[in-house]
1. Just checking, does the range 142-150 include any residue being surrounded by 17 or more Cβ atoms within 10 Å (Cβ to Cβ) and in contact with a strand residue (DSSP E or B) (Cβ under 8 Å, 6 or more places away or on another chain)?
2. Given (1) farther than 25 Å from residue 142 by Cβ; (2) surrounded by fewer than 19 Cβ atoms within 10 Å (Cβ to Cβ); (3) in contact with a helix residue (DSSP H, G or I) (Cβ under 6 Å, 6 or more places away or on another chain), identify the lone condition not met by residue 110.
3. Condition (residue is over 24 Å from residue 133 (Cβ atoms) and either modelled with pLDDT under 95 or assigned to a helix (DSSP H, G or I) (or both)) applied to the range 35-45: is it met by at least one residue?
4. Closer than 24 Å to residue 286 by Cα and touching a strand residue (DSSP E or B) at 6+ places or on another chain (Cβ under 7 Å): which single residue out of 500, 496, 454, 514 fits that description?
5. Within the range 252-300, how many residues turn out to be loosely packed, with under 12 Cβ neighbours inside 10 Å, modelled with pLDDT of 85 or more and farther than 30 Å from residue 437 by Cβ?
6. Kindly indicate which of 204, 138 is touching a strand residue (DSSP E or B) at 6+ places or on another chain (Cβ under 7 Å) and modelled with pLDDT under 90.
C-alpha cells in the first residue's frame with residue numbers, strides 16, 4: 001500500500017478510478033530507480049533533493065513520490081559517524097554547559113573540550129552530533145528487486161490497495177474462488193458468499209463499514225487484492241466512502257497484476273490463529289479428525305464455508321467449526337441468519353471478543369449485553385468466546401457433548417458380553433475390532449478377562465506371571481517376562497501382582513513387595 005496522501009484517483013462521471021500508470025510512465029520509473037542507485041553512499045537529504053528535482057519535470061509529483069515510496073522499502077539506510085551520536089551529544093552538551101556557549105568561539109572551545117574527553121579530534125565530535133537524524137543517514141544499499149516494468153506493476157497494485165482502504169463493501173467474482181475465500185479466511189475478514197446465475201460472488205465487508213475504522217482491519221482488507229489479482233479472470237466492484245459520498249470502484253485483471261516477487265513488508269495481522277489452533281488440536285490425537293475448509297454448505301440463497309469440520313472417527317458424524325474474527329452487531333446477526341438456514345448441521349462458533357468493533361445502540365441487534373457469544377448461544381449454536389487465541393480445551397469440552405451421545409449409541413450396539421479370543425489384548429485393539437472408541441467399551445463386561453490398566457488379561461496368565469516374577473528381580477528381567485506374554489503395561493501389572501519398583505537412579509530398578 002501507499003500512504004493516503006499519495007493516492008491518485010479520478011472522480012469523473014461520479015466514479016472512483018485509480019490513476020494507473022502506462023507505457024508513458026516507464027521512463028519516469030526508470031529515472032526514480034536510477035536516482036536511488038546513483039545515491040548509494042550519500043545522505044538521505046541529497047537523495048530527497050534529487051527526487052524533488054524529478055518532481056518538477058514529472059506530470060504528477062505524487063507519481064514520483066509513489067515510486068520512491070516503494071523503492072524506499074527496498075533501501076537500507078545507516079548512521080555513519082566516527083562516534084555514537086548520543087555519546088557525542090552528551091559530551092558536547094556537558095562541555096557547552098561548563099563553557100557557557102554564546103559565540104562561535106565558545107562553541108569551538110566546547111567541542112574541543114568534548115573531543116579531549118572522548119580522546120578524539122574536534123571534527124569527529126561535530127560530524128557525529130546529528131548523524132543519526134533521518135536526513136543525514138546514508139543510503140548504503142538498494143536491493144535490485146525492481147526494474148521499470150515491475151515497479152510500474154507494483155505501483156498499480158499498491159495504488160489500488162490504497163483506494164480499497166476506504167471501501168465499505170467489495171463484491172468479487174473469480175475463476176479461482178477457492179483461493180479468494182481461503183485468503184479472506186486467512187485475513188479474518190467479515191464476508192458472505194452469495195450464489196448467482198454465473199456461480200458464486202464473495203461479498204466482503206470493508207473497514208469503513210465498522211462503527212469505528214481500524215487501521216489493522218483496513219490493511220488486511222486492502223491486502224486481499226493481492227490474492228484476488230493472482231487469478232486469471234476476476235472482477236472486483238467496491239463501494240468507496242469518499243468523504244461521505246459513496247462512489248463505485250471497478251477493477252479487473254486488465255487493471256492490476258501481481259508482480260513476480262512477494263511484497264517486502266509482511267501483512268500486519270495475526271495469520272496464525274487457525275493454523276495455531278489446528279496444530280494444537282491435532283497434537284492431542286483425539287477421536288476427532290480435523291478437516292480444513294470442508295465442502296460449501298448451502299444456506300438459502302447463500303453459501304457458507306466453515307473454517308473447519310470435526311469428523312468423529314467411529315461414526316458418520318461431523319461438527320462444523322467457524323472462527324469469527326472482526327465483527328459488528330450487524331455482521332453477527334447476518335452471519336447467524338446464514339447459519340440458521342443450515343439444516344441438520346451441527347456447528348460450533350468461536351468469537352474473538354477482543355476484536356469486536358463498535359457499540360450496540362439497538363438492543364434488537366444483539367442480546368441485551370451486546371455480547372456476540374451470547375447471541376450465538378441464543379441462536380442454538382455452541383459459542384466459544386476467545387481473545388486472540390482459540391483455546392483447544394474449550395473446543396474439546398464443546399465436542400464432549402456430542403461425544404458422550406456417540407459413545408452411548410456405540411455401546412448400545414455392542415454384544416452383552418465381550419469375549420476377545422486372545423489371552424492378552426488391549427482396550428484399543430478390542431475397540432478397533434468393533435469399530436468404536438475405547439470409551440465405548442471401557443465399562444463393558446469382559447467375563448473371561450481382567451482389565452489391568454488398559455490391558456485385558458486372562459486370569460490364567462496372571463497366575464503364570466505370579467509364579468515367574470518374585471521380589472528381588474531386576475526390572476529389565478521382569479519386562480522381558482511380561483513382553484513374552486504380550487504385555488507392555490509393566491507398572492499396572494506389577495501393581496496387580498503386589499509389587500512395586502525400587503528405582504536405582506537412571507540405571508534401572510529392583511522389584512519389591514508392596
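The values are calculated or read from the model by the stated rules, or taken from the named source; none is laboratory data. Because the structure is a prediction, the values reported are computed rather than measured. Positions of Cβ are generated from backbone atoms using ideal geometry, with glycine treated the same way; all protein chains shown enter the neighbour counts.
1. yes
2. Every condition holds for residue 110 apart from (2).
3. Taking the range 35-45 and keeping what is over 24 Å from residue 133 (Cβ atoms), we get none.
No, there is no match, as no residue in the range 35-45 is over 24 Å from residue 133 (Cβ atoms) and either modelled with pLDDT under 95 or assigned to a helix (DSSP H, G or I) (or both).
4. Sole residue among the options that is closer than 24 Å to residue 286 by Cα and touching a strand residue (DSSP E or B) at 6+ places or on another chain (Cβ under 7 Å): 454.
5. Residues that pass the stated criteria total 1.
6. Checking each option against the conditions leaves just 204.
Okay, residues lined up against (1) within 22 Å of residue 166 (Cβ to Cβ); (2) outside any helix (DSSP H, G or I); (3) without any contact (Cβ under 8 Å) to a residue 12 or more places away in the chain:
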{"residue": "53", "(1), (2), (3)": "no, no, yes"}
{"residue": "68", "(1), (2), (3)": "no, no, no"}
{"residue": "71", "(1), (2), (3)": "no, no, no"}
{"residue": "80", "(1), (2), (3)": "no, yes, no"}
{"residue": "90", "(1), (2), (3)": "no, no, yes"}
{"residue": "98", "(1), (2), (3)": "no, no, no"}
